[in-house]
Protein chains: 2
Amino acid sequence: MKATKFFLKTEKEIPADADSINASFLIRAGYIQKTMAGVYSYLPLGLKIIRKIEDIVRQEMNKIGGQEILMPVLAPKENWQKTGRFESLDILYKLQTADKKDLVLNPTHEEVIVPLVKSMITSYKNLPLYLYQIQDKFRNEPRAKSGLLRGREFLMKDMYSFHLTQEDLDDYYEKVSDAYKKIFSRLGIGDKTVLTHAAGGSFSKYSHEFQTISETGEDTIFLCDKCQVAINKEIIVEQNNCPKCGNEKLVEKKAIEVGNIFKLGTKYSAPFDFRVSDAGGKLVEIIMGCYGLGITRTFGAITEVFFDQEKSKIIWPESVAPFAIEIISLNKNEEAEKVYESLRARSIDSGRGNPEDEVFYDDRDISAGEKFADADLIGAPIRIIISEKSLTAGGVEISRNSKTEIVELAKVADLL
Amino acid sequence: MKATKFFLKTEKEIPADADSINASFLIRAGYIQKTMAGVYSYLPLGLKIIRKIEDIVRQEMNKIGGQEILMPVLAPKENWQKTGRFESLDILYKLQTADKKDLVLNPTHEEVIVPLVKSMITSYKNLPLYLYQIQDKFRNEPRAKSGLLRGREFLMKDMYSFHLTQEDLDDYYEKVSDAYKKIFSRLGIGDKTVLTHAAGGSFSKYSHEFQTISETGEDTIFLCDKCQVAINKEIIVEQNNCPKCGNEKLVEKKAIEVGNIFKLGTKYSAPFDFRVSDAGGKLVEIIMGCYGLGITRTFGAITEVFFDQEKSKIIWPESVAPFAIEIISLNKNEEAEKVYESLRARSIDSGRGNPEDEVFYDDRDISAGEKFADADLIGAPIRIIISEKSLTAGGVEISRNSKTEIVELAKVADLL
């Protein structure tokens, strides 16, 4: 992708009303724009990152048998009355149809998926079943804040599992937990994201959160340095040592909740009287689990982790970078154009998909300083500089993983 | 994908409250489920089709310079008051935040994209600009009906173009029109979908719709059989002959509006006072175009066109089929398993992406009649039957494009 063809507009100034590192950086660098408090538009740079996060999440959900569906934003009041949450959940957005029927903007989808699955399966033979979606969610937050970390409208992956027995749920719960670890590791925040014990419910002692350690997080957790397992502050009174090794010297940390998994038991199947016949023909209750992962919130968390405030720059993890490579030409456009074309051709040949997603070439007629400033905001993991100096030294200057080397022009395409 | 691993549930009976061919078929065959009137959930079969439609639309939009963004479902009242549509548009869903601010669920995004682009560009150098998204849209319809054809919540691709001059808009408008023709052709409904002249506005004599001819359509158009160009009934009084050849013998047809393109002029840029400086430094108004294409409505239209009511079966166009190939084993599971694995392996080798998307193998322990009945609902363009009879004849029986032939087991993988 050439910069002159790309919808990019960076700002020197931090927007006046940005309330967090992720929002101030992402708005300034042209990834997102604020439509209203807690509601954002995603520009091409930001949407590329979201799609890459989604794809990684999708791959790992599919690997553990998840099947993707898409449920609606709207749901009728009746579904939410069945579980009592129409009255009890204060963050529900409510509205009416033209013929005065009450609707809800779903903040989560138990109330939609339970009747959906109930109408489709009747036998133990159809279980277990794992369904997930990536869909907009809505929370009528009194105070939206922290940019993508606490929005009124946000993208989430939510999976729901349906089981005949508690043992089957317990097994699958561990599989999802492992899949989440893989996801956060692939997203570049594996070493900062810890399994955190949180309040359970009637059906299990704990639920579990995936908390990304960050000074800007809203949550407080207590971390066992030995096991890399944590406890959410909300249950520290009941559980004041490491549930794994008993260590009582826990370290207080701020963190961002990027995922949570929960054993629901029959909490949502019972109100809908969702039962199936077992092998003996007897009707048995359905046991459920639910597994959330905030797509846009994870985007915000990755930003908080990788943005270098001192240098006011970012280098994205390779797995989510909007562009793998950026080419900067210092008055050597002819050579730069050749490098760009060879990288694009290699990208197509190697079946890596759309080369527009791989290589960004800043072909604009602006100063070197402006190009470098923007490159610090675009954050490609590999940077190629073509200048009089690099050509004299034998080729182009390539920076990657904090290392810089000179590579011959003819060998640049091997980078991909 | 094996049937035993797939979330599939077909119904023998047509659902009682289905109000159209597409809804009754798609619900019965397990593609979609109705969450409430005009609001559907998409099950794995249906979502696969939607993703394939989206990808084709995306490719053609990118080819004409479109850049993908994602705008929110929610917008503040103020944006909609600027254009007067907060009061005038009766299908707007309205709701309130916790602190009593009025919001809208966007049925279209002019009111969001104009201030967005205005805040990012100031010069003629940034024009023209073409931005699109694929996003949920909402209409507070008094009577939702016709399944996916007139919903309260639906997926749309909407593109907005920004120009300095009317000539530039006129040129681009033709490009989009050509791209739409390619899209509908790739989706298998090109021969049924006609460019239709409809009411314009202050800035152009006509707008244009893409109407898919179907007896179940809500719209009435008058078609010139010579030019394959039509006129919407709403303007037939002013324009009663073919705008292309003057033919006065027009044929009345029912049709489904799957896309529309519109020259907006300054209708939405003016209320936001969106102007940029031209080459001479003078502030000039922005000229806009908008280009809609209903993703879920097109899904419905394809269903209406390809569903064979007499035989109660469908064969999807290859480009959108949830599975390219279905394998049916008649008591020959060992051979069927081998064919399935060879097709999967070939699918991976040829880089065609996820083989789960290509091959459906009905490995269920049910009768041949039930397998064939379900195969008629899944509608794979290629059907492979493995039976005693086919093996005696020398291999497997392959049906494709209404032709049936026997192919050796070893050569089946060449199908992909």
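Things worth noting here:
- Strands (runs of 3 or more DSSP E) lying entirely in the range B:93-182 (those with 1 or more residues that are without any contact (Cβ under 8 Å) to a residue 12 or more places away in the chain and at the interface with another protein chain (Cβ under 8 Å from one of its Cβ atoms)): B:93-96
- Near pairs, Cβ below 6 angstrom, 6+ apart or cross-chain, from the range A:254-282 (in contact (Cβ under 8 Å) with a residue 24 or more places away in the chain) to any residue that is part of a loop (DSSP other than H, G, I, E, B) and among the charged types (D, E, K, R): A:Lys254/A:Glu215
- Filtered residue count, the range A:1-46, keeping only those that are within 24 Å of A:Asn140 (Cα to Cα) and either polar (S, T, N, Q) or assigned to a strand (DSSP E or B) (or both): 12
- Scanning the range A:387-410 for residues being surrounded by fewer than 14 Cβ atoms within 10 Å (Cβ to Cβ), of a type outside the set (Gly, Ala, Ser) and over 35 Å from the mean Cα position of the chain (by Cα) gives a total of 4.
- Comparison of B:Ile49, B:Ile69 shows that the only residue that is more than 8 Å from chain A (Cβ to nearest Cβ), over 19 Å from A:Leu74 (Cβ atoms) and hydrophobic (A, V, I, L, M, F, W, C) is B:Ile49.
- A search for C-beta distances below 9 Å between a residue of the range A:306-318 that is under 17 Å from A:Ile50 (Cα atoms) and any residue that is assigned to a loop (DSSP other than H, G, I, E, B) and β-branched (Val, Ile, Thr), counting only pairs 6+ apart in sequence or on different chains, returns A:Phe306/A:Ile189; A:Phe306/A:Ile315; A:Pro317/A:Ile189.
- Condition met for B:Thr165 (polar (S, T, N, Q) and touching a helix residue (DSSP H, G or I) at 6+ places or on another chain (Cβ under 6 Å)): no
- Residue that is surrounded by the most Cβ atoms within 10 Å (Cβ to Cβ) [pool: residues in the range A:15-46 that are among the polar types (S, T, N, Q) and either within 12 Å of chain B (Cβ to nearest Cβ) or in contact with a helix residue (DSSP H, G or I) (Cβ under 6 Å, 6 or more places away or on another chain) (or both)]: A:Asn22
- Selection from the range A:367-379 of residues that are surrounded by 15 or more Cβ atoms within 10 Å (Cβ to Cβ) and more than 14 Å from A:Glu397 (Cβ to Cβ): A:Ala373, A:Asp374, A:Asp376, A:Leu377, A:Ile378, A:Gly379
- Unmet criterion (only one of (1) within 29 Å of B:Lys249 (Cα to Cα); (2) of a type in the set (Asp, Glu); (3) surrounded by fewer than 22 Cβ atoms within 10 Å (Cβ to Cβ)) for B:Glu209: (3)
- For the range A:344-362, the set of residues classified as modelled with pLDDT under 90, among the aliphatic types (A, V, I, L, M) and under 30 Å from the mean Cα position of the chain (by Cα) consists of A:Ile348 only.
The values are calculated or read from the model by the stated rules, or taken from the named source; none is laboratory data. Small disclaimer: the values here were computed from a predicted structure and weren't measured. Here Cβ is always computed from backbone atoms with ideal geometry, including for glycine, and neighbour counts include all displayed protein chains.
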